[in-house]
Amino acid sequence: MTPLLPTRGAAARPLAPRPTLRDTIDQSFAMAWRALIKMRRNPEQFFDVTLQPLLFTAMFTYIFGGAVAGSTAGYLPIIIPGILAQTTLTACMATGIQLREDMDKGVFDRFKSLPIARIAPLAGSAIADLLRYSIAATLTILVGIAMGYRPGGGILGVGAAWLLTVFAGWALAWVFTWLGTIARSAQAVQGISMMIMFPLSFLSNAFVPTQTMPGWLQTFVSINPVTLVIQAVRDLMNDGAFTANVGWAVLGCSAVVAVFAPLAVRSYGRKM
Amino acid sequence: MTTGPRPAVGSIAVEATALEKQFNNVRAVDGIDLCVRRGQVFGVLGPNGAGKTTMLKMLATLLSIDGGSARIFGIDVAARPHEVRQLVGVTGQYASVDENLTGRENLVLFGRLLGLPRKGAAQTAEELLAAFGLADAADRQIKQFSGGMRRRLDLAASLISRPPLIFLDEPTTGLDPRTRGQMWDTIRQLVRDGATVLLTTQYLDEADQLADRIAVIDRGKKVAEGTPDELKASVGNSTLHVRLEDRTRTADAAALVARVLGEDPVLTPEAGGLNIALADANRAADVLIALRQAELGITTASVRQPSLDEVFLALTGHHTSDADQNEVAR
Ligand SMILES: Nc1ncnc2c1ncn2[C@@H]1O[C@H](COP(=O)(O)OP(=O)(O)OP(=O)(O)O)[C@@H](O)[C@H]1O
Ligand SMILES: [Mg+2]
């Protein structure tokens with residue numbers, strides 16, 4: 001009978017006191033591979049990043065276009081960056097919910113029992129979700145172009161805007177990841193995430209100019225990282241200009257990461 | 001066998017002292033001492049809610065240890081969890097594999113996580129799938145696996161790193177008798193290959209079949225420990241179960257049995273039935289003949305090993321079902 005214990009294995013080596021950085025990176029990518037397989041098997045995971053850009057761009061442009069900007073064509077430079085931010089925000093909301101669902105599954109017990117870096121499952125899903133943000137950003141831009149949007153920023157401006165959007169999605173996802181690690185259930189994450197997502201996306205300059213809002217609201221809108229990102233994306237896409245707004249957006253997103261990534265990692269570590 | 005990661009030498013695989021775990025107001029594990037020698041199969045026997053899973057999870061670093069201490073091959077579990085994880089393969093009570101992945105993908109994933117190179121992970125997966133009779137189902141998602149296939153894959157996943165110590169939490173609960181027998185063979189072979197196995201079970205016959213040593217736990221406490229023979233001797237080697245045609249004559253039958261065996265047997269009269277613990281299975285014939293001569297008709301008679309319930313009754317003075325009720329009351 002063939003031996004059950006495999007002949008190849010983690011070849012006889014002394015015990016490692018802790019995972020090295022190299023191990024951690026390899027393990028994170030193995031986890032990302034797993035997440036990508038799951039995405040391929042459950043294409044409905046992509047509904048939010050595929051259908052939403054299509055629907056929202058068409059809907060908002062035809063409904064608000066005339067009222068806000070005088071014409072649908074004139075509205076596109078305003079709305080496309082807005083939809084870009086909103087879609088990415090929705091995509092990173094799903095990150096938290098999926099992490100929570102994942103943590104409640106049996107396979108997580110195995111991850112916990114393996115000698116791997118505790119952060120690897122979290123890092124893996126963060127890497128894989130970059131794909132979702134990329135799809136969301138690419139589709140939104142394509143839909144805009146199909147509807148007649150001609151970004152003045154050219155290839156470089158659009159490319160930079162795309163990159164900024166993906167980075168912003170990754171950064172803001174840490175807020176939802178943190179929620180995912182502290183909430184009791186996936187439903188709870190969903191509920192709380194909605195309550196955070198709506199103010200973040202609507203209390204911004206995404207869809208309408210902010211001049212007519214009351215002062216206190218303008219204050220919130222102006223420090224909302226989503227506003228910063230949208231402003232920066234507009235500058236990049238429409239003018240191809242690397243303005244101060246771009247710097248503020250990167251800074252704002254980095255601040256979100258600086259606050260929420262450690263929080264998420266810590267509360268996740270307690271469960272892992 | 002040369003094992004994978006090499007623990008410090010020593011003959012003790014698991015050593016736990018006064019292990020404790022508190023969940024809110026439930027003391028799930030309440031001061032358990034355990035010593036498992038290298039190469040042994042150690043069985044932890046206990047009813048639902050006894051604390052088996054909790055204890056195993058603490059030893060496997062899946063739960064924090066609230067009190068006491070545990071060492072795996074001399075390495076402190078609480079202080080050096082990463083090293084302990086390199087020495088232990090854990091197969092939990094519920095399959096811990098990814099439902100969305102195929103059998104092969106699961107094994108490759110775990111192999112990669114354990115630091116195998118791409119090719120090595122693929123080859124190990126292949127070997128394990130073949131060894132566990134899962135080669136045909138290798139490319140099916142776990143969602144479509146039967147319970148028995150899941151269990152086998154779960155065990156296979158625990159062996160990727162060739163751990164010298166393997167934890168199995170109720171490895172055969174819910175399996176049909178044939179699959180159960182196969183699982184037993186697998187466990188025996190692991191031990192032949194040089195592994196140490198710590199398993200939990202609710203079945204005395206399973207512990208008897210597999211374990212060199214058994215600890216019986218109840219409500220978080222160890223109530224007995226010994227070899228299977230020692231444990232069974234404490235309750236009689238076998239039990240004769242008879243059911244009377246006329247249940248009103250149970251008391252007469254009990255008195256007769258006591259006379260025949262020369263000592264008071266442990267009787268559990270239930271609906272006209274008698275459970276008679278026998279030190280020697282051959283005495284069953286004497287009892288049956290005596291019943292016949294006294295014209296106490298029976299409808300069924302069977303000789304079997306004492307059940308967990310009977311072991312419990314003998315060791316703790318209460319039935320396993322009482323343990324459940326107490327668990328609720330606690
Ligand atoms: N996460 C938890 N939170 C609160 N109580 C728990 C938790 N896990 C276990 N318990 C309680 O601890 C006690 C022991 O549970 P455990 O799962 O260890 O028993 P077991 O012996 O494995 O039982 P079974 O045979 O049903 O698997 C039970 O009373 C259970 O209700
Ligand atoms: Mg259990």
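The values are calculated or read from the model by the stated rules, or taken from the named source; none is laboratory data. Because the structure is predicted, anything quoted here is derived from the model rather than measured. Cβ placement follows ideal geometry from the backbone for every residue including glycine, while neighbour counts extend to all protein chains displayed.
If I ask for residues that are within 11 Å of chain A (Cβ to nearest Cβ) and over 24 Å from the mean Cα position of the chain (by Cα), which ones from segment B:124-152 would you list?
Selection gives B:124, B:125, B:126, B:127, B:129, B:130, B:141, B:142, B:143.
If a residue must be charged (D, E, K, R), away from ligand 2 (no atom under 16 Å from the Cβ) and either in a loop (DSSP other than H, G, I, E, B) or within 19 Å of residue B:24 (Cα to Cα) (or both), how many such residues does segment B:51-71 contain?
1
Would it be correct to say that residue A:51 is touching a residue at least 24 places away in the same chain (Cβ under 8 Å) and within 30 Å of residue A:152 (Cα to Cα)? Reasoning before the result, please.
Values: touching a residue at least 24 places away in the same chain (Cβ under 8 Å): no; within 30 Å of residue A:152 (Cα to Cα): yes.
No: the conditions fail for residue A:51.
Return the residues of segment B:66-90 that are among the polar types (S, T, N, Q) and crowded, with 24+ Cβ neighbours inside 10 Å; say none if nothing qualifies.
B:86
Just one of B:220, B:174 is in contact (Cβ under 8 Å) with a residue 60 or more places away in the chain and at positive phi; which is it?
Just a single option satisfies the conditions, and that option is B:220.
List every residue pair whose Cβ atoms lie under 6 Å apart, where the two residues are 6 or more positions apart in sequence or sit on different chains, the first residue falls within segment B:76-88 and is touching a residue at least 12 places away in the same chain (Cβ under 8 Å) and over 18 Å from residue B:161 (Cα atoms), and the second residue, located anywhere, is part of a strand (DSSP E or B) and small (Gly, Ala, Ser).
Partner pairs satisfying both residue conditions: B:77/B:70.
Only one of (1) within 29 Å of residue B:155 (Cα to Cα); (2) touching a residue at least 24 places away in the same chain (Cβ under 8 Å); (3) away from every other protein chain (no Cβ under 14 Å) is not met by residue B:196, so which one is it?
Just one mismatch for residue B:196, condition (3).
Can you confirm whether segment A:161-180 contains a residue that is without any contact (Cβ under 8 Å) to a residue 40 or more places away in the chain and either touching a Phe, Trp or Tyr at 6+ places or on another chain (Cβ under 9 Å) or of a type outside the set (D, E, K, R) (or both)?
Checked against the condition, which is being without any contact (Cβ under 8 Å) to a residue 40 or more places away in the chain and either touching a Phe, Trp or Tyr at 6+ places or on another chain (Cβ under 9 Å) or of a type outside the set (D, E, K, R) (or both), segment A:161-180 yields at least one hit.
Evaluate segment B:11-24: report whether one residue or more is modelled with pLDDT of 95 or more, hydrophobic (A, V, I, L, M, F, W, C), outside any helix (DSSP H, G or I) and within 16 Å of ligand 2 (Cβ to nearest atom).
For segment B:11-24, residues modelled with pLDDT of 95 or more, hydrophobic (A, V, I, L, M, F, W, C), outside any helix (DSSP H, G or I) and within 16 Å of ligand 2 (Cβ to nearest atom): present.
Filter segment B:198-240 down to the residues that are modelled with pLDDT under 85 and part of a strand (DSSP E or B), then identify the one that is farthest from ligand 2 (Cβ to nearest atom).
B:238
I'm trying to understand the selection: among the residues of segment B:77-117, which are at the interface with another protein chain (Cβ under 7 Å from one of its Cβ atoms), over 23 Å from residue A:14 (Cα atoms) and among the basic types (Lys, Arg)?
Selection gives nothing.
Could you list all residues from segment B:167-186 that are surrounded by fewer than 24 Cβ atoms within 10 Å (Cβ to Cβ), within 15 Å of residue B:56 (Cβ to Cβ) and either away from ligand 1 (no atom under 16 Å from the Cβ) or more than 12 Å from every other protein chain (Cβ to nearest Cβ) (or both)?
B:170, B:173
Scan segment A:236-258 residue by residue and report those that are touching a residue at least 40 places away in the same chain (Cβ under 8 Å), surrounded by fewer than 23 Cβ atoms within 10 Å (Cβ to Cβ) and over 15 Å from the mean Cα position of the chain (by Cα).
Within segment A:236-258, A:238, A:239, A:240, A:241, A:242, A:246 qualify.
In segment B:103-112, which residues are crowded, with 24+ Cβ neighbours inside 10 Å and more than 21 Å from residue A:23 (Cβ to Cβ)?
B:103 - this is the single residue of segment B:103-112 that is crowded, with 24+ Cβ neighbours inside 10 Å and more than 21 Å from residue A:23 (Cβ to Cβ).
Any residue that is more than 21 Å from residue A:116 (Cβ to Cβ), out of contact with any Gly (no Cβ under 6 Å at 6 or more places or on another chain) and more than 16 Å from ligand 1 (Cβ to nearest atom) - is there at least one of those in segment B:65-76?
Yes: segment B:65-76 contains one or more residues that are more than 21 Å from residue A:116 (Cβ to Cβ), out of contact with any Gly (no Cβ under 6 Å at 6 or more places or on another chain) and more than 16 Å from ligand 1 (Cβ to nearest atom).
Look at residue B:120 and say whether it is in a loop (DSSP other than H, G, I, E, B), farther than 18 Å from residue B:199 by Cα, within 7 Å of chain A (Cβ to nearest Cβ) and more than 28 Å from the chain's Cα centre (by Cα).
No, not satisfied.
Residues A:27, A:45: which one is within 14 Å of chain B (Cβ to nearest Cβ), within 25 Å of residue A:195 (Cβ to Cβ) and assigned to a helix (DSSP H, G or I)?
Only one candidate qualifies: A:45.
Look through A:85, A:30, A:35 and report the one residue that is in contact with a Lys or Arg (Cβ under 9 Å, 6 or more places away or on another chain) and buried (at least 19 other Cβ atoms within 10 Å of the Cβ). Walk me through it before giving the result.
Values: A:85 fails: in contact with a Lys or Arg (Cβ under 9 Å, 6 or more places away or on another chain); A:35 fails: in contact with a Lys or Arg (Cβ under 9 Å, 6 or more places away or on another chain).
Going through A:85, A:30, A:35 in turn, the sole match is A:30.
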